[in-house]
1. Report yes if R153 is touching a residue at least 40 places away in the same chain (Cβ under 8 Å) and open to solvent by 80 Å² or more (accessible area, probe 1.4 Å), otherwise no.
2. Given the criterion within 27 Å of K195 (Cβ to Cβ), open to solvent by less than 50 Å² (accessible area, probe 1.4 Å) and modelled with pLDDT of 90 or more, identify the matching residue among L242, L312, L279, L284.
3. What is the one condition in (1) more than 20 Å from I281 (Cα to Cα); (2) touching a helix residue (DSSP H, G or I) at 6+ places or on another chain (Cβ under 6 Å); (3) at pLDDT 95 or above that V60 does not satisfy?
4. Answer yes if at least one residue in region 222-236 is in contact with a Leu (Cβ under 8 Å, 6 or more places away or on another chain), at negative phi and modelled with pLDDT under 90, and no otherwise.
5. Which of the residues spanning region 331-343 are hydrophobic (A, V, I, L, M, F, W, C) and open to solvent by 30 Å² or more (accessible area, probe 1.4 Å)?
6. Which residues, counting only those in region 247-266, are more than 15 Å from R17 (Cβ to Cβ), touching a Lys or Arg at 6+ places or on another chain (Cβ under 6 Å) and at pLDDT 95 or above?
7. Identify, please: which residue in region 287-306 is open to solvent by 10 Å² or more (accessible area, probe 1.4 Å) and not small (G, A, S) and is, among those, farthest from M199 (Cα to Cα)?
8. Quick check on my filter: what residues within region 168-193 are part of a loop (DSSP other than H, G, I, E, B), of a type in the set (A, V, I, L, M) and in contact with a strand residue (DSSP E or B) (Cβ under 9 Å, 6 or more places away or on another chain)?
Amino acid sequence: MRILHIITNTDLGGAQRIVIDLCASAVKDGHTVAVASMEGGPMWSLLPESVVRHSLPHMVKPIKPLKEIPCFFEIRAVIKNFNPDIIHLHSSKAALLGRLATPPRLQKRIVYTVHGFDTIRVRNRIFLPLEKIMQKKCGAIIPVSEYDYKNLRTEGITHKLTLIRNAVPDTPAFSEHELPLQIKEPLLKAKAEGKKIIMTIARIALPKRLDIFTDIARSLKDDNCVFFWIGSPTDSTLEGDLKKYQETASVIFTGDIPNASRLISYTDVFVLFSDYEGLPITILEAMAKGKPVIASNVGGISELVDDNTGSLIPVGKTHDSVEASVKAIKTLISDKKLIQEKGEKARKKYESYFTLDTMWKKYFSVYSLLADE
């Protein structure tokens, strides 16, 4: 089977990780795979070597009318040249341009994965009418959480919905000599001093609530723990705040680290504080490593995190979120047995529902059905 993935952005986020992992699974099973996306970015270097790469010079993340028309023709050319059996679209912009650029005879072979519907439903609702109009120009629409599945239906997007939850591979931890230089010294020092490691992996952007994370770190500066943020700013809006927050001694910002999930084994508690999410890859990676998770109760996170595997934090007032998070973290770091119990339950839940093999088989079932029509 010839499978073409099209995605807007090549920064390392959840959607990009799904593309990388689906490509790896398809290549392993003997399929021919291609990816089309914007030029540059770390995603390209993490794709399997055999994946055919198509850079789209006019693909950019923000809406820019002067670039959308040439990008449309670039996508059309890729589809014509690669001649795919399946066209898999990721992210709302790539999904719109991809559906428009695909010849009508191939639209029934389009799979569109919605990586967090709140990006449109809440943040960019102006584009919701377009999603409704375009929904029938594909063979399957894939929400990645029960939360998104229900909200898509509520908003009138019901065409051939198939729920396939995100999943992650079971990757090994970094050995000490493999640890990236920007984190090796502070991480090993904290471990040697017996400090508890609190970690998040996320891009530094407004929805990821850098303010909540650093407020929690300040509140716990005397509680024998160290906070690590793995990830870089995706725009300039938070650079000033980041410089200010870097002065907080108990927070260490490392920037981007390839294969960051392999660091999670060194943490005691994984955290993620967001205004909205789909089904976060980083939480799944923490569960795969057997770590308890404390996270905002948004999107599909409640399908992963509960009292057995960690704690859900209410969203709304920042003070309330910080207070609840501090309490939850203190409860965990003061009880080694509780950390172990919640971590073991998180790992068991991962093994039961969220392995890469489980996700790949579901996607391939959809691919096969559409390719045979």
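1. no
2. Checking each option against the conditions leaves just L284.
3. The single condition V60 does not satisfy is (3).
4. Yes, region 222-236 contains a residue that is in contact with a Leu (Cβ under 8 Å, 6 or more places away or on another chain), at negative phi and modelled with pLDDT under 90.
5. Of everything in region 331-343, just one residue is hydrophobic (A, V, I, L, M, F, W, C) and open to solvent by 30 Å² or more (accessible area, probe 1.4 Å), namely L338.
6. S265
7. Ranking the qualifying residues of region 287-306, first place goes to E303.
8. Residues satisfying the conditions do not exist here.
The values are calculated or read from the model by the stated rules, or taken from the named source; none is laboratory data. In this text the structure is predicted, and so the values were computed from the model without any measurement. Note that each Cβ is placed from the backbone with ideal geometry, even for glycine, and that neighbours are counted across all protein chains shown. Areas reflect the complete protein model, heavy atoms only, side chains present, ligands, DNA and RNA absent. Shrake-Rupley method; radii C 1.70, N 1.55, O 1.52, S 1.80 Å.
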